[in-house]
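Working notes, structure below.
The values are calculated or read from the model by the stated rules, or taken from the named source; none is laboratory data. Every value quoted in this text rests on a predicted model; they were computed, and no experiment measured them. Positions of Cβ are backbone-derived with ideal geometry, glycine not excepted, and every protein chain shown enters the neighbour counts. These area figures cover heavy atoms from the full protein model, side chains too; ligands, DNA and RNA do not enter into them. Shrake-Rupley method; radii C 1.70, N 1.55, O 1.52, S 1.80 Å.
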Amino acid sequence: MTSIATIPRAMTKRDLRIDLFRGLSLWWIYINHIPEGYLNRFTPKNFGFSDAAEILVFLSGLASGIVYGDLLRRSGFAVASSRMLRRSFEIYIAQILTVVLLLAEVSYIAAWQPIMFDHANLAILVQQPAETLRQVALLRYSPVNLDPLLLMVILHFALIVIVPLTIGAWPLALTGSVALYVLAHLFDWYIPAYPKGQLYFNPLNWQLLFVIGIWWGASRGDWQLAILKSRSLAVLAAAYVLFSFVITLGWQIHAIEDYVPGWLSRLIYPIDKTNLDVLRLLHFAALALLCWRLLPSNASILKAKSLLPLIRCGEYSLAVYCASVLLSFAVHAVLSLGWNSLAAQALLTLLGLILMSALAISLAAINRGVFSDLRPL
């Protein structure tokens, strides 16, 4: 049994960087979910191998490691597992509820644009409602833009195993996670989707990023500070981020792509998102190291009023993500009517971001003084 003296000190203050970057990832995902929008050309996916999805998954694991790791050490497995399961079911219910709300939204829009059922991947739900709803409950079917939330549901139900294992035997947890990642790649393991194919975010691969986040969040040690302050690692990280930037820039400017050697192209392509290609994983790790190094948790900018909407969105990430799915599809439907000027795109995108922020700020006002944890997504 672990003695009290060996229990790491719990975090007593929220790390606003988690909320800030989680809020940014939600904004970027919302923008990316509007296919007509020119603003999605300025989101992270255009400047490196990884994108906002990696940010969201890692920070969810990080927050889970902090909150449930401390809870497990101090209150025991029963209390911690109860909290983990409760949060998992909250996300599960949110997934199902958002499917229903999206169906209602698309059904209304389809009165003018029947093709929107296909755009939303909801035609199968209209044609075979009973079976499709059963597959929704089994986490094998997801309409458009709800794939990240489906991944989160699956990963959070695994917390009840991952967190205790990480606290009790982190080398075993990390080794097992890496082994599953490698085997899933080698043998093409995946979870089948309904009605065909596989889940867009393969949980068997994406779990590695989630587990790394849990491990880092649940740990407290000087070795973490040493990693973050290592100049050698920072130089390597910066070099890799620059390499990734040049390669992705070549996807848009073919004159740059012409300078990429053929052997290098054959080595790195395809950079698979569904199965979390190792190049994406390394790119995110490099970015995370640089961001955490350059922005300390006590940075005064984190308290700037201008960042409050982003921080609140990150704090209430579940509700904001669900709202963003509905808002992004509504914007897509309006733009599809032909009102697709740059001004209309900018105005409607900004309106969605304002509504997402207003929702988060309202939830914070309602819950002020009641909840103080990191509310892992």
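Some points to look at:
- Subset of region 163-197 [within 22 Å of the chain's Cα centre (by Cα) and open to solvent by 60 Å² or more (accessible area, probe 1.4 Å)]: 178, 182, 185, 189, 190, 192
- Taking the conditions (1) touching a residue at least 60 places away in the same chain (Cβ under 8 Å); (2) closer than 17 Å to residue 291 by Cα; (3) not charged (D, E, K, R) in turn, residue 64 satisfies each one other than (2).
- The single condition among (1) assigned to a helix (DSSP H, G or I); (2) more than 20 Å from the chain's Cα centre (by Cα); (3) without any contact (Cβ under 8 Å) to a residue 40 or more places away in the chain that residue 339 does not meet is (1).
- Subset of region 184-228 [under 23 Å from residue 53 (Cβ atoms), part of a loop (DSSP other than H, G, I, E, B) and either in contact with a strand residue (DSSP E or B) (Cβ under 9 Å, 6 or more places away or on another chain) or not hydroxyl-bearing (Ser, Thr, Tyr) (or both)]: 188, 189, 190, 191, 193, 196, 197, 199, 201, 202
- Flag set for residue 275, criterion: open to solvent by less than 60 Å² (accessible area, probe 1.4 Å), part of a loop (DSSP other than H, G, I, E, B) and of a type outside the set (Phe, Trp, Tyr).
- Selection of region 76-87 for residues being open to solvent by less than 60 Å² (accessible area, probe 1.4 Å) and more than 15 Å from residue 377 (Cβ to Cβ) yields 76, 80, 81.
- Test: residue in region 310-332 that is over 26 Å from residue 108 (Cβ atoms) and touching a strand residue (DSSP E or B) at 6+ places or on another chain (Cβ under 9 Å): no
- For region 249-272, the tally of residues that are outside any loop (DSSP other than H, G, I, E, B) and either exposed (fewer than 14 other Cβ atoms within 10 Å of the Cβ) or of a type in the set (D, E, K, R) (or both) stands at 11.
- Evaluation of residue 317 against the conditions (1) at pLDDT 95 or above; (2) loosely packed, with under 13 Cβ neighbours inside 10 Å; (3) among the polar types (S, T, N, Q); (4) in contact with an Asp or Glu (Cβ under 9 Å, 6 or more places away or on another chain) shows that the sole unmet condition is (2).
- Sole residue being hydrophobic (A, V, I, L, M, F, W, C), at pLDDT 95 or above and under 14 Å from residue 35 (Cα atoms), chosen from 330, 360: 330
- Looking only at residues in region 28-66 that are open to solvent by 20 Å² or more (accessible area, probe 1.4 Å) and aliphatic (A, V, I, L, M), the one that is nearest to the chain's Cα centre (by Cα) is 55.
- Enumeration of residues in region 115-135 that are outside any helix (DSSP H, G or I) and either exposed (fewer than 13 other Cβ atoms within 10 Å of the Cβ) or at negative phi (or both): 115, 120, 122, 128
- Only one of the numbered conditions (1) acidic (Asp, Glu); (2) touching a residue at least 12 places away in the same chain (Cβ under 8 Å); (3) farther than 20 Å from residue 208 by Cβ is violated by residue 258, and that is (2).
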